[in-house]
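Here the structure is laid out as C-alpha coordinates; the discussion comes afterwards.
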Amino acid sequence: MNTETQKKIAAEKATEKIRAGMVVGLGTGSTVYYALLKLGAMVRDGLKIVGIPTSVSTEKVATEQGIPLSTLAVYPTIDVTIDGADEVDAHRNLIKGGGAALVREKIIANASKRLLIVVDESKVSRVLGTSFPLPVEIVQFGWEATQKALNRVCGQSLCEAKLRGGIQHPLITDNGNYILDCHFDGIAEPEQVELQLNNIPGVVENGIFVNRADTVIIGTPSGIQYMGAH
Ligand code: 5RP
(Lines give C-alpha, C1' and ligand atoms only; values in the text may rest on other atoms or scores of the structure.)
Protein backbone atom coordinates (compact mmCIF):
# COMPACT_ATOMS: atom_id res chain seq x y z
CA MET A 1 0.00 0.00 0.00
CA ASN A 2 1.56 3.31 -1.01
CA THR A 3 1.60 6.48 1.11
CA GLU A 4 -1.39 8.01 -0.64
CA THR A 5 -3.50 4.91 0.04
CA GLN A 6 -2.33 4.88 3.67
CA LYS A 7 -3.53 8.49 4.03
CA LYS A 8 -6.86 7.64 2.43
CA ILE A 9 -7.66 4.62 4.61
CA ALA A 10 -6.73 6.50 7.80
CA ALA A 11 -8.86 9.52 6.86
CA GLU A 12 -11.84 7.43 5.80
CA LYS A 13 -11.62 5.36 9.00
CA ALA A 14 -11.90 8.60 11.03
CA THR A 15 -15.12 9.58 9.25
CA GLU A 16 -16.76 6.42 10.67
CA LYS A 17 -16.83 8.25 14.03
CA ILE A 18 -19.03 11.04 12.65
CA ARG A 19 -22.72 10.85 13.58
CA ALA A 20 -25.80 12.88 12.60
CA GLY A 21 -26.05 16.21 14.39
CA MET A 22 -22.34 16.50 15.18
CA VAL A 23 -20.28 19.66 14.94
CA VAL A 24 -17.09 18.52 13.19
CA GLY A 25 -13.74 20.29 13.18
CA LEU A 26 -12.18 20.05 9.73
CA GLY A 27 -8.37 19.94 9.75
CA THR A 28 -5.98 20.87 6.97
CA GLY A 29 -3.68 18.92 4.67
CA SER A 30 -3.44 16.18 2.09
CA THR A 31 -4.57 13.43 4.49
CA VAL A 32 -7.61 15.32 5.80
CA TYR A 33 -8.49 16.00 2.16
CA TYR A 34 -9.65 12.38 1.88
CA ALA A 35 -11.84 12.82 4.96
CA LEU A 36 -13.41 15.91 3.38
CA LEU A 37 -14.23 13.94 0.23
CA LYS A 38 -15.78 11.15 2.30
CA LEU A 39 -17.74 13.56 4.53
CA GLY A 40 -18.98 15.32 1.39
CA ALA A 41 -20.30 12.01 0.05
CA MET A 42 -21.92 11.26 3.42
CA VAL A 43 -23.60 14.70 3.46
CA ARG A 44 -24.90 14.17 -0.06
CA ASP A 45 -26.32 10.85 1.21
CA GLY A 46 -28.28 12.76 3.86
CA LEU A 47 -25.94 13.04 6.89
CA LYS A 48 -26.65 16.25 8.80
CA ILE A 49 -23.46 17.77 10.23
CA VAL A 50 -21.89 21.19 10.57
CA GLY A 51 -18.18 21.63 9.82
CA ILE A 52 -15.81 24.22 11.24
CA PRO A 53 -12.75 24.59 8.99
CA THR A 54 -9.19 25.22 10.19
CA SER A 55 -8.03 27.03 7.05
CA VAL A 56 -9.14 28.89 3.98
CA SER A 57 -8.08 25.92 1.82
CA THR A 58 -10.19 23.50 3.84
CA GLU A 59 -13.12 25.92 3.76
CA LYS A 60 -12.87 25.91 -0.03
CA VAL A 61 -12.80 22.11 -0.38
CA ALA A 62 -15.58 21.63 2.20
CA THR A 63 -17.75 24.17 0.39
CA GLU A 64 -17.13 22.42 -2.94
CA GLN A 65 -18.14 19.16 -1.24
CA GLY A 66 -21.40 20.68 0.04
CA ILE A 67 -20.50 20.34 3.74
CA PRO A 68 -22.44 23.01 5.70
CA LEU A 69 -20.00 25.27 7.54
CA SER A 70 -20.20 27.45 10.61
CA THR A 71 -17.92 29.15 13.14
CA LEU A 72 -16.79 28.87 16.75
CA ALA A 73 -18.91 31.94 17.50
CA VAL A 74 -22.02 29.88 16.74
CA TYR A 75 -20.68 26.52 18.03
CA PRO A 76 -18.06 27.09 20.77
CA THR A 77 -17.82 23.33 21.39
CA ILE A 78 -16.89 20.89 18.66
CA ASP A 79 -17.85 17.21 18.99
CA VAL A 80 -15.05 15.66 16.93
CA THR A 81 -12.17 17.13 14.94
CA ILE A 82 -10.34 15.20 12.24
CA ASP A 83 -6.88 16.60 11.53
CA GLY A 84 -3.50 15.50 10.19
CA ALA A 85 0.00 15.79 11.64
CA ASP A 86 3.59 16.04 10.45
CA GLU A 87 5.09 13.99 13.27
CA VAL A 88 3.52 11.82 16.00
CA ASP A 89 5.31 10.25 18.97
CA ALA A 90 4.30 7.25 21.07
CA HIS A 91 2.57 9.55 23.61
CA ARG A 92 0.37 11.03 20.85
CA ASN A 93 2.24 14.31 21.01
CA LEU A 94 2.37 16.01 17.64
CA ILE A 95 4.17 18.41 15.40
CA LYS A 96 1.71 20.24 13.17
CA GLY A 97 1.81 23.23 10.84
CA GLY A 98 3.33 21.80 7.68
CA GLY A 99 0.28 23.26 5.95
CA ALA A 100 0.71 26.58 7.81
CA ALA A 101 -2.65 26.23 9.59
CA LEU A 102 -1.33 25.50 13.10
CA VAL A 103 -2.91 28.50 14.88
CA ARG A 104 -6.46 27.76 13.75
CA GLU A 105 -5.82 24.03 14.19
CA LYS A 106 -4.79 24.51 17.82
CA ILE A 107 -7.81 26.75 18.52
CA ILE A 108 -10.12 24.15 16.99
CA ALA A 109 -8.36 21.29 18.83
CA ASN A 110 -8.79 23.18 22.09
CA ALA A 111 -12.51 23.57 21.46
CA SER A 112 -12.97 19.87 20.60
CA LYS A 113 -14.31 17.12 22.83
CA ARG A 114 -12.39 14.62 20.73
CA LEU A 115 -9.38 15.05 18.41
CA LEU A 116 -8.75 12.32 15.84
CA ILE A 117 -5.38 12.53 14.08
CA VAL A 118 -5.00 10.80 10.72
CA VAL A 119 -1.55 9.97 9.35
CA ASP A 120 0.36 7.55 7.16
CA GLU A 121 3.02 5.50 8.89
CA SER A 122 5.91 7.77 7.81
CA LYS A 123 4.67 10.34 10.37
CA VAL A 124 5.33 8.12 13.38
CA SER A 125 8.53 9.15 15.15
CA ARG A 126 10.41 8.08 18.28
CA VAL A 127 11.35 11.66 19.21
CA LEU A 128 9.52 14.74 17.91
CA GLY A 129 11.60 17.15 15.88
CA THR A 130 13.85 14.51 14.36
CA SER A 131 12.10 14.14 11.01
CA PHE A 132 10.19 17.42 10.61
CA PRO A 133 11.11 21.04 11.47
CA LEU A 134 8.81 22.67 14.01
CA PRO A 135 6.63 25.39 12.44
CA VAL A 136 6.25 28.54 14.54
CA GLU A 137 3.84 31.28 13.43
CA ILE A 138 5.17 34.78 14.14
CA VAL A 139 3.97 38.31 13.44
CA GLN A 140 5.70 40.10 10.56
CA PHE A 141 6.80 43.07 12.65
CA GLY A 142 10.38 42.62 13.85
CA TRP A 143 10.50 39.05 12.57
CA GLU A 144 14.31 39.03 12.46
CA ALA A 145 14.42 39.75 16.21
CA THR A 146 11.91 36.97 16.84
CA GLN A 147 14.08 34.63 14.75
CA LYS A 148 17.15 35.49 16.85
CA ALA A 149 15.19 35.00 20.07
CA LEU A 150 13.98 31.61 18.84
CA ASN A 151 17.51 30.54 17.98
CA ARG A 152 18.67 31.61 21.45
CA VAL A 153 15.88 29.97 23.44
CA CYS A 154 16.78 26.58 22.10
CA GLY A 155 19.96 26.81 24.18
CA GLN A 156 22.14 23.73 23.96
CA SER A 157 20.04 21.84 21.45
CA LEU A 158 20.30 22.63 17.76
CA CYS A 159 17.56 24.96 16.60
CA GLU A 160 17.79 26.85 13.36
CA ALA A 161 14.75 28.95 12.54
CA LYS A 162 14.24 29.51 8.79
CA LEU A 163 11.67 31.84 7.25
CA ARG A 164 9.27 29.69 5.21
CA GLY A 165 9.35 30.76 1.56
CA GLY A 166 12.51 32.85 2.04
CA ILE A 167 12.84 36.62 2.35
CA GLN A 168 11.89 37.29 -1.30
CA HIS A 169 8.63 35.34 -1.16
CA PRO A 170 7.74 34.64 2.46
CA LEU A 171 4.70 32.49 3.03
CA ILE A 172 1.83 34.49 4.53
CA THR A 173 -0.56 32.47 6.70
CA ASP A 174 -4.35 32.79 6.71
CA ASN A 175 -3.84 35.09 9.71
CA GLY A 176 -1.43 37.41 7.86
CA ASN A 177 1.69 36.14 9.65
CA TYR A 178 5.01 34.46 8.79
CA ILE A 179 6.15 30.92 9.60
CA LEU A 180 9.61 30.08 10.94
CA ASP A 181 10.50 26.42 10.45
CA CYS A 182 12.72 25.47 13.38
CA HIS A 183 15.17 22.66 12.76
CA PHE A 184 15.79 20.83 16.02
CA ASP A 185 18.03 18.04 16.98
CA GLY A 186 15.03 16.31 18.57
CA ILE A 187 12.61 17.79 21.10
CA ALA A 188 13.05 15.70 24.24
CA GLU A 189 10.59 17.71 26.38
CA PRO A 190 7.83 18.89 24.05
CA GLU A 191 5.58 20.18 26.84
CA GLN A 192 8.28 22.60 28.09
CA VAL A 193 9.35 23.67 24.61
CA GLU A 194 5.73 24.39 23.61
CA LEU A 195 5.37 26.83 26.52
CA GLN A 196 8.87 28.27 26.19
CA LEU A 197 8.46 29.19 22.53
CA ASN A 198 5.07 30.81 23.08
CA ASN A 199 6.67 33.05 25.69
CA ILE A 200 8.80 34.83 23.07
CA PRO A 201 7.36 38.21 22.01
CA GLY A 202 6.34 37.99 18.35
CA VAL A 203 5.45 34.31 18.52
CA VAL A 204 1.76 33.73 17.87
CA GLU A 205 1.75 29.95 18.34
CA ASN A 206 3.92 26.92 17.68
CA GLY A 207 3.15 23.54 16.15
CA ILE A 208 3.77 21.35 19.22
CA PHE A 209 0.52 19.72 20.34
CA VAL A 210 0.94 17.98 23.72
CA ASN A 211 -1.83 15.90 25.33
CA ARG A 212 -4.38 16.98 22.76
CA ALA A 213 -4.87 14.00 20.42
CA ASP A 214 -7.31 11.40 21.78
CA THR A 215 -6.74 8.93 18.97
CA VAL A 216 -4.15 8.62 16.22
CA ILE A 217 -5.32 6.59 13.25
CA ILE A 218 -2.35 5.35 11.24
CA GLY A 219 -2.62 3.99 7.72
CA THR A 220 0.08 1.34 7.26
CA PRO A 221 0.91 -1.04 4.41
CA SER A 222 -0.90 -3.79 6.33
CA GLY A 223 -3.97 -1.73 7.28
CA ILE A 224 -5.12 0.55 10.11
CA GLN A 225 -3.31 0.87 13.46
CA TYR A 226 -4.39 2.96 16.42
CA MET A 227 -2.77 4.91 19.22
CA GLY A 228 -5.16 5.78 22.04
CA ALA A 229 -8.83 5.01 22.50
CA HIS A 230 -10.87 3.89 19.51
C1 5RP B 1 -1.42 21.81 8.53
C2 5RP B 1 -1.08 20.58 9.28
C3 5RP B 1 -1.33 19.29 8.59
O4 5RP B 1 -2.28 18.58 9.31
C5 5RP B 1 -0.04 18.54 8.52
O6 5RP B 1 0.89 19.35 7.83
C7 5RP B 1 -0.20 17.21 7.80
O8 5RP B 1 -0.47 17.42 6.46
P9 5RP B 1 -0.48 16.24 5.40
O10 5RP B 1 -1.64 15.37 5.76
O11 5RP B 1 -0.63 16.93 4.08
O12 5RP B 1 0.85 15.53 5.51
O13 5RP B 1 -0.66 20.59 10.41
O14 5RP B 1 -1.02 22.95 9.23
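The values are calculated or read from the model by the stated rules, or taken from the named source; none is laboratory data. No experiment lies behind these values; they were computed from the predicted model shown. Reconstructed Cβ throughout: ideal geometry from the backbone, glycine too, with neighbour counts over all protein chains shown. Heavy atoms of the whole protein, side chains included, go into the accessibility calculation; ligands, DNA and RNA do not. Shrake-Rupley method; radii C 1.70, N 1.55, O 1.52, S 1.80 Å.
More than 16 Å from the ligand (Cβ to nearest atom), in contact (Cβ under 8 Å) with a residue 40 or more places away in the chain and farther than 19 Å from K7 by Cα - does that describe any residue in the range 39-59? No, there is no match, as no residue in the range 39-59 is more than 16 Å from the ligand (Cβ to nearest atom), in contact (Cβ under 8 Å) with a residue 40 or more places away in the chain and farther than 19 Å from K7 by Cα.
Restricting the range 109-130 to residues that are of a type outside the set (D, E, K, R) and open to solvent by 30 Å² or more (accessible area, probe 1.4 Å), which is nearest to G176 (Cα to Cα)? That would be N110. Somewhere in the range 186-198, is a residue of a type in the set (V, I, T) and in a strand (DSSP E or B)? No: the range 186-198 contains no residue that is of a type in the set (V, I, T) and in a strand (DSSP E or B). Going by what's in this entry, would Q147 be described as open to solvent by 70 Å² or more (accessible area, probe 1.4 Å), among the polar types (S, T, N, Q) and not in a loop (DSSP other than H, G, I, E, B)? Considered against the rule, which asks whether it is open to solvent by 70 Å² or more (accessible area, probe 1.4 Å), among the polar types (S, T, N, Q) and not in a loop (DSSP other than H, G, I, E, B), Q147 comes out as no.
Selection of the range 179-205 for residues being modelled with pLDDT of 95 or more and small (G, A, S) yields only G202. Only one of the numbered conditions (1) in the same structural domain as L36 (by TED's automatic domain parsing); (2) part of a loop (DSSP other than H, G, I, E, B); (3) surrounded by fewer than 15 Cβ atoms within 10 Å (Cβ to Cβ) is violated by Q140, and that is (1). Could you check, for the range 64-72, whether at least one of its residues is closer than 23 Å to I218 by Cβ, in the same structural domain as L116 (by TED's automatic domain parsing) and without any contact (Cβ under 8 Å) to a residue 40 or more places away in the chain? For the range 64-72, residues closer than 23 Å to I218 by Cβ, in the same structural domain as L116 (by TED's automatic domain parsing) and without any contact (Cβ under 8 Å) to a residue 40 or more places away in the chain: absent.
Conditions (1) in contact (Cβ under 8 Å) with a residue 60 or more places away in the chain; (2) open to solvent by less than 30 Å² (accessible area, probe 1.4 Å); (3) under 17 Å from I208 (Cα atoms), marked per residue:
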site	(1), (2), (3)
L163	no, yes, no
H169	no, no, no
H183	no, no, yes
G186	no, yes, yes
P190	yes, yes, yes
